[in-house]
Amino acid sequence: MSDEPSLEPLSAAGRGPTFASIVTRRLSRRALLRDTVLSGLTIYLPRVFHGAPAPAESRLAFGHVGSTTGDTMAVADGHTATVLLRWGDPVVPGAPPWTPSAQTAAAQAQQFGYNCDYVGFLPLPRGSESSQRALLVVNHEYTNPELMFEGYVGGAPTADQVAVQLAALGLSIVEVERGADGWRVIGDSPFNRRITGTTPCTLTGPAAGHPLLATGADPAGRTVAGTFANCSSGRTPWGTVLSAEENFHDAFGGRAGLRPLSDDLLNHARTGIATGRSKWSWERHEPRFDVSRHPHEPYRFGWVVEVDPYDPTWVPRKRTALGRMRREAANSVVASGGQLALYSGDDIAFEYIYKFVTRQRFDPRDRRANRDLLDDGTLFTARFNANGTGDWLPLVHGVGPLTAANGFPSQAEVCIHTLKAADLVGATKMDRPEDIEIAPDGTVYVALTKNPLRGTAGQPPPDDANPRPLNKHGHVIEIFEAGNDHAGRRFRWRLFLVCGDPRDPDTYFAGYPAAQGLSRISCPDNLAFDHAGNLWIATDGQPETFGINDGLFVVPTEGPERGRVRRFFSAVAGAEVTGHAFTPDDAALFLSIQHPGEGSDLSAPSSRFPDRALPPRPSVLVLEHVERRPIGSAAPAAGATVTPTG
Ligand code: FEO
Ligand code: CA
Ligand code: CA
């Protein structure tokens, strides 16, 4: 297959209003530098501006992969894609075999969960850079009961079905090893563990013990039953995983039963809790999900959950200092002053981007000293200014409008009602922030997946950072922290990609010419950098926008190929690609195939992934080059002998 992809047919539906007036002034290097001078802001500029050679360009020599439709997967020539973990596979040593016709919560709580999302590769032994042995930490975001259970009745699950779903969420921690024949799960590893929708988690930080977090089952407001809706996440430099609780509101219903204009009713309206039946209908059998009966239970979700995969006895911590939202991403970087800076977003249309900076410094020599680092620090939300600058606005009790008179008598309320606090300080309403990743050079990349409501009647109009009306394809923004200090309060920003078909005039690929070969891309979601600094983007939504399956793409962020987006992998029907994670040597890439077959049910399933059998099973794959070279390398020449190096 040619290294230069031929363009795919342009969908008429891909056209939209032009947005040139906003975008052109945000795109040019000249404008960025001019704005920098005008603002007096010292910023860090990536190497592309200094004309240095890009070290990564020779790595990406694979042939572009065409899109797929239906239940067909494709990976770049010279690479393999192997199923490593499926929904239902044993995780805890001694777990019973998966029996889809007779699922139980007790069995599921020992087996790999549903809808794998985030994948963390944490080398073993801890502190090493091993690319051969590791703990995989995998989130399980939500369930598709119509694809799990024969005869499932929408909106009316049985008690057993609810219990199985709660057991299928949370996280799986699994030891894996690369042997001569490939990657395998170590079935009897003492690290193997499940955390589910009922596993006790400890609340810590400013809101722990607050009366709003107290319930009949937990009057102290410090111990929550479980974690769910865990989406794109991150890890700390001390080797823990930060699991982000995203669309927790889908579990709750019954808001109409709360007293009119009561605080609880207004708070739960702000986070999107249903007035009547919840999206998941668990409250039919689990009363804690009915807010008319248990109005405080939702305050106990929407947090970052810190998990220590290296210590199975350590109780997961919900870190309230980081705020409460429908959180996507929890990626961090050590700032120049030694504090940890952590980036997140709220993945709902017109919601905000956040940063948390610890008060204390990270100590690379003493793991225990970092144990509670995330309980004390400053939470910020982002304002993107029209001149290309930006401000991190503090969400701190007593600062600006965050006073008792406005409903924030202490920092605990700021942490619990983070969305309302961000409303008050004037954060910028974004086009659905998904993953946020920090490049090796310190630049922060934000995926804004889409927002077709942008500019429609009664909704916010386009702005400089969200320039496209009816934004159905999404975009990617670069943030340059002032002085490359991730603990600071000012930044500059720039559009990197405005996604869609590259021949469409309302797209932008960092200036890379469409005629030189670009893949169309829509709905950017999960992001990851390989160790050469290339950005890998997974998508979630291409079946709706292009009528093709979602996939995994790579784009250099520096050098002559900056902006050249190419498809590397295409997933199966109904699935999104999530959680991609590289080994330290880049020779293996793990990724999740989440919700294969979504949009159908077991009466007419669109997917039988991965085993050509039913039910379809969300799975983690491992991708490798056939010669064990870094992912994205050229395929072996035709006729060459391929000798895996073991
Ligand atoms: Fe779970 Fe925003 O994706
Ligand atoms: Ca996501
Ligand atoms: Ca998504």
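The values are calculated or read from the model by the stated rules, or taken from the named source; none is laboratory data. What you see is a predicted model; the values in this text were computed from it and never measured. Heads up, the Cβs are rebuilt from the backbone with ideal geometry, glycines too, and the neighbour counts pull from every protein chain shown. Protein only, heavy atoms only, side chains kept; ligands, DNA and RNA dropped before computing areas. Shrake-Rupley method; radii C 1.70, N 1.55, O 1.52, S 1.80 Å.
Some points to look at:
- Taken over region 529-543, the criterion of being open to solvent by 10 Å² or more (accessible area, probe 1.4 Å) and either in contact with a Leu (Cβ under 7 Å, 6 or more places away or on another chain) or within 15 Å of ligand 1 (Cβ to nearest atom) (or both) is satisfied by Phe529, Asp540.
- Residue selected from region 368-387 under the condition outside any loop (DSSP other than H, G, I, E, B) and basic (Lys, Arg), by the criterion farthest from Pro206 (Cα to Cα): Arg383
- Elements of type strands (runs of 3 or more DSSP E) contained in region 275-343, each with 2 or more residues being open to solvent by less than 40 Å² (accessible area, probe 1.4 Å) and not β-branched (Val, Ile, Thr): 317-319, 327-334
- Residue ID - nearest to ligand 1 (Cβ to nearest atom), chosen from residues in region 246-260 that are assigned to a loop (DSSP other than H, G, I, E, B) and surrounded by 20 or more Cβ atoms within 10 Å (Cβ to Cβ): Glu246
- Cross-chain or 6+ apart pairs with Cβ under 6 Å, region 152-163 first and surrounded by fewer than 21 Cβ atoms within 10 Å (Cβ to Cβ), then polar (S, T, N, Q) and modelled with pLDDT of 95 or more: Gly155/Ser281
- Among residues of region 183-235 being aliphatic (A, V, I, L, M) and open to solvent by 10 Å² or more (accessible area, probe 1.4 Å), the one that is farthest from ligand 1 (Cβ to nearest atom) is Ala220.
- Residues considered: Val92, Val137, Val176. Of these, the only one that is more than 16 Å from ligand 3 (Cβ to nearest atom), β-branched (Val, Ile, Thr) and open to solvent by 20 Å² or more (accessible area, probe 1.4 Å) is Val92.
- When the criteria are applied in full, Leu419 fails the requirement of being within 16 Å of ligand 3 (Cβ to nearest atom), within 18 Å of Tyr343 (Cα to Cα) and within 21 Å of the chain's Cα centre (by Cα).
- Selection count where residues are within 16 Å of ligand 3 (Cβ to nearest atom), in a loop (DSSP other than H, G, I, E, B), within 15 Å of His595 (Cβ to Cβ) and of a type in the set (A, V, I, L, M, F, W, C), scope region 542-579: 2
- Considered as a group, the residues in region 429-463 that are in contact with an Asp or Glu (Cβ under 7 Å, 6 or more places away or on another chain), more than 17 Å from Ala244 (Cβ to Cβ) and of a type in the set (S, T, N, Q) include one that is nearest to ligand 3 (Cβ to nearest atom), and that residue is Asn451.
- Residue within region 518-528 that is assigned to a loop (DSSP other than H, G, I, E, B), among the small types (Gly, Ala, Ser), more than 16 Å from ligand 2 (Cβ to nearest atom) and surrounded by fewer than 20 Cβ atoms within 10 Å (Cβ to Cβ) present: no
- Residue under evaluation Pro596, criteria (1) outside any loop (DSSP other than H, G, I, E, B); (2) within 16 Å of ligand 3 (Cβ to nearest atom), criterion not met: (1)
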